[in-house]
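Novice: The structure is given below, and queries will be raised subsequently.
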Amino acid sequence: MAKVLMKGNEAIGAAAIKAGCKFFFGYPITPQNELPEFMSRELPKIDGVFVQAESEVAAINMIYGAAGAGARTMTSSSSPGMALKQEGISYIAGAELPCVIVNISRGGPGLGGIQPSQADYFQSTRGGGNGDYRHLVYAPSTLQEAVDLTIEAFDIADYYRNPVIVLGDGMIGQMMEPVEFNEPKKRDLPAKDWATTGTEDKRRPNIINSLALDPAELEKHNIKLDNKYKAMEENEVRYEMYKTEGAELIFVAYGTTARIVKNAVDALEAEGIKAGLIRPITLWPFPNKAFNEIPTAKALVSVEMSMGQMIDDVKIANNGKLPVHFYGRTGGMIPTPEAIVEKAKEILGGGK
Amino acid sequence: MSTIFERTDGLTDKQFHYCPGCTHGVIHRLVGEVLVELGVLGKAVGVAPVGCSVLAYDYFNCDMHEAAHGRAPAVATGIKRVLPDNVVFTYQGDGDLASIGTAEIIHAAHRGEKFTTIFVNNAIYGMTGGQMAPTTLIGQKATTAPYGRDAATTGMPLRMSEMLATIDGAVFVERVTVHNVAGIRKAKKAIKKAFEVQIAGLGFGIVEILSTCPTNWGITPVESLKWLEENMLPYYPLGNFRTPEEGK
């Protein structure tokens, strides 16, 4: 298939449609607006449904209903809007329904700003809503990866009956790149025999629910969910190793920041400094095992567009073995390769 | 021996958890009967609220979806948009619909979503233990209004049906009561009509049903029926606020 030049938000929308998503519920917020706008334009052409909800809270609960009715469904938002969606995400995880949620994140806290940021790492990976739950978080670094991961996210959601988050910073949503829409790897997906589609007087009623008043029952449910999350940790971790072989300094970065770090790695290489990059593609589950594949590393540095959130996971994965450093820009400011190179030299020079 | 009264197929055989004298049971039965009489039980998908009827999913004998507090109309929107040929309803109390879920109910009506809302108004939060609701009457005592509701600091009780009747998309709006037999009969007619409006694809329909809460009102079941008649009816007038032209 020929490549087409698309804006990130629209490419993600087109990927969702390619994956068979015909039901989109959203609410305007910058910098993700082109996504619902694209869906409002394209879904009617394929007998799909676009609803502009009255709020992000309503939108995620529409997703909850549509997913319960057995549909492939998606919503998108940006950071403050994602905060509002956490209630629904918790219910969807508790009731074990599949859906895809896109966060084109911006600076915070509060209303923050509208420029790219990675300050939603905690919100995305720690369960912004209440209760013991987890969900996959994909962090694409290019638009092609955003397309591929969005398409696959629907299969993963159906497979595990769990929400999947696609987390792109504002840069991923707003930039343009050539993309192509490929078929995902075939998965055997379970039948949606749990969906509330009406009994047709042929079966017992299906109930979509996250309430369990009996603590023994709820504990059983929590353990069942946890087993599912363990299977995701076992099977769904993704990451890229960039020039890590023989590297003394290992950067850890995702999304847009990882692209910038690659430039820094190349610049350091040109100066004879051996640096590499671990790029988590799934933020949850975090690629802990990648940290066992860097025998020559002397130090780690987490580079983020935040004041340091992923660094917690880096420290957990590192398990005290190597010193862990941090470099970040935040509030919508983008790190430069030059500044990252300087940071690397400072670390390797012993730091002052 | 001939059977003169039996359980409706619209309800499961699960025993209700409702308090003695609470009229939720009557209202459940009316909804169940209507779904059976209209022949749509097998196509029905109900959305349960948070509140006393949080366990409604165990009682209605059709597919059910449990929503977050106040969000039932958003969940029902998602379901109905996916399944336009099914019959979708929400069953919500006054804390759920008139307080935390006002945005969701108003905008479901505003969009003219083609589902039916059964709105049970007992002027109090029942499940959580008798706190003040937006529908609590002036002077009525609640656990968060121990001196009685004061209009100066908490406003006047919210009349949801009147408010929703101002919205074009809400094509059927009626307030009924179940505190006596005549009221129950009228309530059933209104519920049936609201579902017929949905089935005809005309728009959003809501039936507000005045209901009792002896436990949290702190009076007997019999006194509750009387209290509803004497206190709620004057403030919450019964009647139809909107009905579509077709099949009037």
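Novice: Checking A:GLY127 against (1) surrounded by fewer than 24 Cβ atoms within 10 Å (Cβ to Cβ); (2) at pLDDT 95 or above, only one condition comes out false. Which one?
Specialist: Exception for A:GLY127: condition (2).
Novice: Among the candidates A:GLN144, A:GLN118, A:GLN86, single out the residue that is away from every other protein chain (no Cβ under 14 Å), over 18 Å from A:LEU35 (Cα atoms) and in contact (Cβ under 8 Å) with a residue 12 or more places away in the chain. Lay out the reasoning, then the answer.
Specialist: Working: A:GLN144 fails: over 18 Å from A:LEU35 (Cα atoms); A:GLN86 fails: away from every other protein chain (no Cβ under 14 Å).
After ruling out the rest, the residue left standing is A:GLN118.
Novice: Being surrounded by fewer than 22 Cβ atoms within 10 Å (Cβ to Cβ), among the acidic types (Asp, Glu) and over 30 Å from A:GLY308 (Cβ atoms) narrows it down to one residue among A:GLU145, A:GLU177, A:GLU200; which is it?
Specialist: Numbers: A:GLU145 fails: over 30 Å from A:GLY308 (Cβ atoms); A:GLU177 fails: over 30 Å from A:GLY308 (Cβ atoms).
On inspection, the qualifying residue turns out to be A:GLU200.
Novice: Sticking with this one: Looking only at the stretch B:91-114, count how many residues are part of a loop (DSSP other than H, G, I, E, B) and either polar (S, T, N, Q) or facing another protein chain (nearest Cβ under 10 Å) (or both). Walk me through it before giving the result.
Specialist: Pass one, the stretch B:91-114, residues part of a loop (DSSP other than H, G, I, E, B): B:101, B:111-114.
If we keep only those that are either polar (S, T, N, Q) or facing another protein chain (nearest Cβ under 10 Å) (or both) too, we end up with B:101, B:111, B:113.
Number satisfying all stated conditions: 3.
Novice: Which residue pairs have Cβ atoms closer than 7 Å, lie 6 or more positions apart in sequence or on different chains, and pair a first residue in the stretch B:12-26 that is within 14 Å of chain A (Cβ to nearest Cβ) with a second residue that is in a helix (DSSP H, G or I) and surrounded by 17 or more Cβ atoms within 10 Å (Cβ to Cβ)?
Specialist: The qualifying pairs are B:THR12/B:ASP58; B:THR12/B:TYR59; B:LYS14/B:ASP58; B:LYS14/B:TYR59; B:HIS17/B:LEU55.
Novice: Hey, could you check the stretch B:207-226 for residues that are in contact (Cβ under 8 Å) with a residue 24 or more places away in the chain and in a loop (DSSP other than H, G, I, E, B) and say which is farthest from B:MET160 (Cα to Cα)?
Specialist: B:THR220
Novice: For the condition more than 14 Å from every other protein chain (Cβ to nearest Cβ) and touching a Phe, Trp or Tyr at 6+ places or on another chain (Cβ under 8 Å), what is the one hit in B:VAL82, B:VAL120? So that I can check it myself, show each step before the final result.
Specialist: Values: B:VAL82 fails: more than 14 Å from every other protein chain (Cβ to nearest Cβ).
After applying the criteria, what remains is B:VAL120.
Novice: Let me ask something else about it. Against the conditions (1) touching a Gly at 6+ places or on another chain (Cβ under 9 Å); (2) facing chain A (nearest Cβ under 8 Å), where does B:ALA56 fall short? Just the number, please.
Specialist: (2)
Listed here are the residues, each with its yes/no results for (1) assigned to a strand (DSSP E or B); (2) out of contact with any strand residue (DSSP E or B) (no Cβ under 9 Å at 6 or more places or on another chain); (3) free of Cβ contacts under 8 Å to residues at least 40 places away in the same chain; (4) more than 24 Å from B:ALA72 (Cα to Cα).
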| site | (1), (2), (3), (4) |
| --- | --- |
| B:PHE195 | no, no, no, no |
| B:LEU202 | no, no, no, no |
| B:GLY205 | yes, no, no, no |
| B:LEU228 | no, no, no, yes |
| B:PHE241 | yes, no, no, no |
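Novice: Further question on the same structure: Give me the pairs, please: first residue somewhere in the stretch A:182-198 and touching a residue at least 60 places away in the same chain (Cβ under 8 Å) and over 18 Å from A:SER210 (Cα atoms), second residue anywhere and of a type outside the set (Lys, Arg) and loosely packed, with under 13 Cβ neighbours inside 10 Å, beta-carbon distance under 8 Å, and either six or more positions apart or on two chains.
Specialist: A:ASN182/A:MET1
Novice: Enumerate the helices (runs of 4 or more DSSP H) found wholly within the stretch B:1-90, keeping only those where 3 or more residues are surrounded by fewer than 24 Cβ atoms within 10 Å (Cβ to Cβ).
Specialist: On the way: elements: B:24-37, B:56-59, B:72-82.
It comes to B:24-37.
Novice: Pick from the stretch B:135-151 the residues that are in contact (Cβ under 8 Å) with a residue 24 or more places away in the chain and in contact with a Pro (Cβ under 7 Å, 6 or more places away or on another chain): which of them is surrounded by the fewest Cβ atoms within 10 Å (Cβ to Cβ)?
Specialist: Only one residue tops the list, namely B:LEU137.
Rundown of residues vs (1) within 10 Å of chain B (Cβ to nearest Cβ); (2) within 21 Å of B:HIS69 (Cα to Cα); (3) surrounded by fewer than 24 Cβ atoms within 10 Å (Cβ to Cβ); (4) aromatic (Phe, Trp, Tyr), yes/no style:
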| residue | (1), (2), (3), (4) |
| --- | --- |
| A:ALA71 | yes, no, no, no |
| A:PRO80 | no, yes, yes, no |
| A:SER90 | yes, yes, yes, no |
| A:ALA95 | yes, yes, yes, no |
| A:VAL102 | no, no, no, no |
| A:SER105 | no, no, no, no |
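Novice: Which one of these is away from chain B (no Cβ under 14 Å) and of a type in the set (D, E, K, R): A:GLU42, A:GLU54?
Specialist: Values: A:GLU54 fails: away from chain B (no Cβ under 14 Å).
None of the other options fit; the residue is A:GLU42.
Novice: Any chance you could count how many residues in the stretch A:297-325 are part of a strand (DSSP E or B) and touching a residue at least 60 places away in the same chain (Cβ under 8 Å)? Quick ask: steps written out before the conclusion?
Specialist: Within the stretch A:297-325, the subset part of a strand (DSSP E or B) is A:299-304, A:324-325.
Checking the rest, the ones that are also touching a residue at least 60 places away in the same chain (Cβ under 8 Å) come to A:304.
Going through the stretch A:297-325 one residue at a time, the tally reaches 1.
Novice: Hey, another quick one. Output the residues belonging to the stretch A:203-224 that are of a type in the set (Val, Ile, Thr) and within 13 Å of chain B (Cβ to nearest Cβ).
Specialist: As a first pass, look at the stretch A:203-224 and keep what is of a type in the set (Val, Ile, Thr): A:207-208, A:223.
Across the stretch A:203-224, the qualifying residues are A:ILE207, A:ILE208.
Novice: Does A:TYR64 fit the bill of being surrounded by 24 or more Cβ atoms within 10 Å (Cβ to Cβ) and within 14 Å of chain B (Cβ to nearest Cβ)?
Specialist: Details: surrounded by 24 or more Cβ atoms within 10 Å (Cβ to Cβ): yes; within 14 Å of chain B (Cβ to nearest Cβ): yes.
Yes, satisfied.
Novice: Output the qualifying pairs, or none if there are none: Cβ atoms under 7 angstrom, residues six or more apart or on different chains, first residue in the stretch A:216-236 and touching a residue at least 24 places away in the same chain (Cβ under 8 Å), second residue assigned to a helix (DSSP H, G or I).
Specialist: These pairs meet every condition: A:LYS228/A:TYR160; A:MET232/A:TYR160; A:GLU236/A:ILE156.
The values are calculated or read from the model by the stated rules, or taken from the named source; none is laboratory data. All figures in this text were calculated on a predicted structure; none of them were measured in a lab. Every residue, glycine as well, gets a Cβ built from its backbone with ideal geometry; the counts of neighbours run over all protein chains shown.
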